[in-house]
Structures are given as structure tokens and as C-alpha cells.
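The values are calculated or read from the model by the stated rules, or taken from the named source; none is laboratory data. No experiment lies behind these values; they were computed from the predicted model shown. Using ideal geometry, Cβ is built from the backbone for each residue, glycine included, and neighbour counts are taken over all protein chains shown. Ligands, DNA and RNA are excluded from the accessible area calculation, which covers all protein heavy atoms including side chains. Shrake-Rupley method; radii C 1.70, N 1.55, O 1.52, S 1.80 Å.
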Amino acid sequence: MKKAPSPFVSLIPIIVLILLLFGTIHTFGSDALSGGSQVSLLTTTAICILIGMAFYKIPWKDYEIAITNNVAGVATAIIILLIIGALSGMWMISGVVPTLIYYGMQIIHPSFFLASTCIICVLISVMTGSSWTTIATIGIALMGIGRAQGFEEGWIAGAIISGAYFGDKVSPLSETTILAASVTDTPLFRHIRYMMITTVPSLIITLIIFTVAGFSHDASNTQHITEVAAALNEKFHITPWLLIVPIVTGILIARKIPSIITLFLSTLLAGVFALIFQPELLQEVSGMATSGFDSLFKGLMITIYGSTSLHTDNAVLSDLIATRGMSGMLNTIWLILCAMCFGGAMTASGMLGSITSIFVRFMKKTISVVGGTVCSGLFLNLATADQYISIILTGNMFRDIYAKKGYESCLLSRTTEDAVTVTSVLIPWNSCGMTQATILSVPTLVYLPYCFFNIISPLMSIAVAAIGYKIARRS
């Protein structure tokens with residue numbers, strides 16, 4: 001039997017990773033995702049493998065299998081990321097997002113904007129079961145509206161993410177919800193109902209904070225909003241017909257069409273509308289002097305795969321409508337692949353299991369059981385850089401412990417979601433944190449302090465355990 005690394009030895013790669021990432025972010029700032037963070041992850045992966053092979057005789061084949069399985073597990077997410085890059089570019093150039101921004105600025109009052117943003121994302125994410133789809137579509141439009149109304153980007157992104165991850169956590173269509181229930185052998189709707197005990201209070205507190213912040217915002221100066229609206233109307237052909245694209249997307253989602261197919265069809269439809277309503281913009285993107293089929297085709301292709309920059313007389317608007325297409329997602333995909341290598345190496349070496357065993361030793365009362373699960377889930381999010389892996393590992397590690405202590409499986413499934421699903425987006429090198437920072441063009445550490453729902457949820461789970469409210473026990 002192979003000897004497992006001690007918790008002290010197992011912490012060495014984690015400490016090295018934290019130090020390298022700290023130095024990388026301090027040195028490169030917002031450019032850390034351009035390569036520095038990836039090198040940090042691969043370096044730490046190499047250290048982990050070196051320790052395992054040299055001192056614990058763990059064969060290379062074990063690492064290779066674990067890393068391959070991890071990478072295979074995120075293959076779908078990588079494809080979705082690429083399509084989201086194409087969709088965000090096409091929704092912008094076609095005028096879909098500018099139209100949503102234009103009408104949204106006239107409908108949503110600045111004082112209620114943050115709370116309204118959170119509620120809108122809650123409704124859409126519950127219906128779609130996907131925080132990624134919600135943020136990549138309506139989230140981008142809401143970012144534009146918020147910036148035009150003068151809100152700081154951290155507040156806007158925090159409201160979007162808080163609402164989007166509520167649905168990701170409780171929707172019966174959500175992959176994480178289904179995964180947490182299935183890993184812990186909990187009936188799906190029993191799991192969802194039991195989550196409401198911690199999730200609804202967390203959302204209510206979040207909405208109160210956003211409402212107070214909205215009323216504290218200076219909404220008296222509407223000149224900026226008027227200028228952005230006028231610039232949008234001048235640059236794009238704004239028409240209600242463009243709203244057909246998000247409506248059709250919503251219908252596809254409601255009919256439970258797979259995410260990849262939905263996002264692809266939405267991109268395709270937006271491309272058709274771009275040809276109809278924004279041919280001049282496609283020509284501008286193409287950089288060709290003459291109009292015609294060649295310029296339109298080139299403009300469409302560049303919008304899908306590359307960066308676009310349209311000139312306007314409003315600097316804020318010019319930054320807002322710039323897109324990066326599929327190529328803008330490549331650094332994120334690169335980072336996800338490196339993170340999966342690190343997670344696979346930590347798992348194959350036994351270091352991950354060794355560290356999490358520390359939490360098990362302190363599990364005696366309900367609050368320590370739930371608190372230990374929350375800390376373990378958060379740690380796994382940090383170490384594996386993927387919420388799906390973290391959910392699976394957390395559920396498997398604590399399933400027998402909860403059963404022996406007489407708790408129903410729904411307590412574990414709820415705690416796992418409170419600890420893992422909502423906190424994944426708060427970690428810069430986690431696949432969720434990387435993705436949302438890329439989509440919204442807001443660094444993870446900038447929006448983190450304003451993701452109140454994501455911060456409150458794990459704390460609420462511990463608080464409910466502390467007072468012993470409706471702790472499900474086996475009869």
C-alpha cells in the first residue's frame with residue numbers, strides 16, 4: 001500500500017501556488033491571465049509531481065490518468081466558452097446588446113438598478129439553470145446599462161453574479177444542483193426545498209444591500225445617460241425587431257435545448273440580424289473600403305473569432321461596445337487547462353485527500369460538521385480550480401460521516417452547494433472566476449467584495465447549523 005503524503009507535505013504545493021500567484025498578480029496586474037498565472041499553475045503542478053514521484057513512489061501513469069480525466073471533464077465548458085466569445089461579439093455588433101442597453105436605460109431607474117439587476121438575473125438563471133448563459137447574455141447588457149448610469153463596475157458585476165448564482169444553485173435545470181443531489185444520493189426536489197432555508201435569507205439580505213446602495217447612488221445627473229443613449233442611437237440601428245434574438249434564445253432555453261446548441265443558434269441568428277440591420281458596422285469591422293459580400297462576410301467572421309473596435313464620439317461607449325470574440329477566451333481556456341493539471345496532480349498524489357482529512361478530525365457537533373464541510377469545499381475550490389470536481393470530492397468525502405452521525409443526506413447536499421457552487425466564482429484561478437471575469441471584463445478581485453449572495457451563503461449555512469434550525473436527521 002502506498003504511503004500518503006502528510007498534511008504538512010501536502011500543503012507545500014498550495015503554499016507555493018499562493019506565493020507565485022500573489023507575485024504574478026502584483027507584478028502583472030490585470031495582465032496576469034495572459035500567461036503568468038498559467039506558468040504559476042504549471043510550476044506548482046511540476047513540484048507536486050516531483051514530490052510524489054521522488055518521495056512517495058507514485059508512478060507517472062497515475063498523474064497522467066488523473067490529469068487526462070480532469071481535462072476531459074471540462075471539455076464541454078471549453079466549447080461553451082468559445083461559443084460564448086462568439087455570441088458576445090455577435091450580440092454586440094448586431095445591435096442586440098446596444099438595443100437592450102438603450103431601452104433598459106429608459107426603463108430601469110438608477111436608484112433601483114442594482115436590486116433590479118440582481119432580480120433579473122435571478123429569474124433568468126432559475127429558468128435557464130445556467131449562471132454562465134445568464135451572465136454571457138443579459139449580464140453583458142446590464143453591465144452596459146450600469147456603466148452608463150455611472151455605477152462602479154464592481155457593484156454592477158456583483159449584482160449580476162449574485163443573481164446568476166442564485167439560479168445556478170437552486171434551479172432543477174442546473175448541472176451543479178443535479179450533481180450535488182446525485183453525489184449525495186438526495187432526491188433532487190428534496191435537495192432544492194432544503195436549500196431554500198439558507199438560500200432565500202441570503203438573497204433577501206443581498207437585495208437589501210443592493211437597494212440601499214442604489215438609493216445612495218447619485219442619480220440626479222442624467223446627462224451622462226442621455227449622452228450614451230444618443231451615441232448608441234447614432235452608431236447602431238436601434239429597433240425592437242432586434243429583441244427577437246433574446247426572445248428566441250429564451251424560448252430555446254425554456255424548451256431545455258442543450259446549452260451549446262442554444263448558444264450556437266443564438267449566435268447564428270444574431271449574425272443574420274447583423275446583416276439586416278448593421279451592414280455598415282460589419283463593413284467597418286472588416287476594414288475594407290468598399291461594401292459588398294466580401295466585406296460583410298469578413299466582418300461577420302472577424303466578429304465571431306477576433307477583436308472588434310468601433311469608433312464613437314463617446315469614450316465610455318467605445319470601450320463598452322469593443323468585443324474580443326472567440327480569441328478573447330483563449331487565455332481563460334489556457335488557464336483552465338493548467339488548473340486542471342494542478343488539480344489532477346494533487347488528486348493523484350493523495351495530497352488533496354491528506355489535506356481534507358484535517359477537517360474530518362474536528363467534526364463533532366452540528367456546527368463543526370457543517371463548518372468543516374464548508375471549509376473543505378472552499379479549500380477544494382481553491383485547490384482543484386473547478387466547482388464540479390469540488391462538488392464530487394466534497395460529497396464523496398463526507399457522505400459516510402454524515403450518515404454515521406445520523407444526518408439526512410440533504411444536509412450534506414445543501415452544505416456542499418453553499419460552500420462550493422457559489423464560492424467558485426470568487427476565486428481568480430477557478431474556472432468560474434476566470435470565465436466570469438473574462439465575460440464581464442471585470443477582474444475577479446474587483447467584483448469579489450460586491451458578490452454579497454456568494455459571500456453570505458456559506459456563512460448562512462454555518463449560522464443555521466449554529467442555531468440548529470431544521471437540521472435534518474434520520475428518524
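Which members of the range 378-433 meet the condition of being within 21 Å of residue 455 (Cβ to Cβ), among the acidic types (Asp, Glu) and at pLDDT 80 or above?
Listed by number, the residues that qualify are 417, 418.
So that you can scan it fast, the table gives a plain yes or no per residue for (1) among the small types (Gly, Ala, Ser); (2) modelled with pLDDT of 85 or more:
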position: 84; (1), (2): no, no
position: 89; (1), (2): yes, yes
position: 94; (1), (2): yes, yes
position: 101; (1), (2): no, no
position: 109; (1), (2): no, no
position: 114; (1), (2): no, yes
position: 119; (1), (2): no, yes
position: 125; (1), (2): yes, no
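Got a sec? Which helices (runs of 4 or more DSSP H) wholly within the range 47-148 have at least 2 residues that are charged (D, E, K, R) and surrounded by fewer than 24 Cβ atoms within 10 Å (Cβ to Cβ)? Show your work before the answer.
On the way: elements: 60-73, 75-93, 96-107, 113-128, 131-134, 140-148.
Correct list: 60-73.
Got a sec? Which of 171, 220 is open to solvent by 30 Å² or more (accessible area, probe 1.4 Å), modelled with pLDDT under 80 and hydroxyl-bearing (Ser, Thr, Tyr)?
Working: 171 fails: open to solvent by 30 Å² or more (accessible area, probe 1.4 Å).
Checking each option against the conditions leaves just 220.
Report, ordered by the first and then the second residue, all pairs with beta carbons closer than 8 Å, sequence separation of six or more or different chains, a first member in the range 4-19 that is open to solvent by 60 Å² or more (accessible area, probe 1.4 Å), and a second member that is not in a helix (DSSP H, G or I).
Matching pairs, first to second residue: 4/56; 4/350.
Look through 294, 313 and report the one residue that is acidic (Asp, Glu), open to solvent by 30 Å² or more (accessible area, probe 1.4 Å), in contact (Cβ under 8 Å) with a residue 24 or more places away in the chain and over 18 Å from residue 96 (Cβ atoms).
Among 294, 313, only 313 is acidic (Asp, Glu), open to solvent by 30 Å² or more (accessible area, probe 1.4 Å), in contact (Cβ under 8 Å) with a residue 24 or more places away in the chain and over 18 Å from residue 96 (Cβ atoms).
As an exercise: evaluate residue 151 against (1) open to solvent by 10 Å² or more (accessible area, probe 1.4 Å); (2) within 13 Å of the chain's Cα centre (by Cα) and give the number of the one condition it does not meet.
Just one mismatch for residue 151, condition (2).
Identify all residues within the range 178-195 that are open to solvent by 20 Å² or more (accessible area, probe 1.4 Å) and not in a helix (DSSP H, G or I); write none if there are none.
Scanning the range 178-195 gives 185, 187.
Output the number of residues of the range 330-380 satisfying the condition of being open to solvent by less than 10 Å² (accessible area, probe 1.4 Å) and closer than 17 Å to residue 38 by Cα.
11
Pairs under 8 Å by beta carbon, first residue free of Cβ contacts under 8 Å to residues at least 40 places away in the same chain in the range 344-357, partner among the polar types (S, T, N, Q), six or more apart or different chains?
Short answer, once both residue conditions are applied: none.
May I ask you to list the residues in the range 240-264 that are under 17 Å from residue 138 (Cβ atoms) and of a type in the set (A, V, I, L, M, F, W, C)? Lay out the reasoning, then the answer.
At the first step, the residues of the range 240-264 found to be under 17 Å from residue 138 (Cβ atoms) are 240, 242-254, 259, 262-263.
Those that are under 17 Å from residue 138 (Cβ atoms) and of a type in the set (A, V, I, L, M, F, W, C): 242, 243, 244, 245, 247, 248, 251, 252, 253, 254, 263.
Within the set of pairs 6 or more residues apart or between chains, which connect a residue that is more than 12 Å from residue 350 (Cα to Cα) inside the range 48-66 to a residue that is assigned to a helix (DSSP H, G or I) and open to solvent by 90 Å² or more (accessible area, probe 1.4 Å) with Cβ atoms less than 6 Å apart?
Filtered contacts from the range 48-66: no entries.
Which of the numbered conditions does residue 421 fail, given that it passes all the others? Conditions: (1) open to solvent by 10 Å² or more (accessible area, probe 1.4 Å); (2) β-branched (Val, Ile, Thr); (3) under 18 Å from the mean Cα position of the chain (by Cα).
Here residue 421 clears every test but (1).
Looking only at the range 243-283, count every residue that is in contact (Cβ under 8 Å) with a residue 40 or more places away in the chain, over 17 Å from residue 125 (Cβ atoms) and open to solvent by 60 Å² or more (accessible area, probe 1.4 Å) and tell me the total.
1
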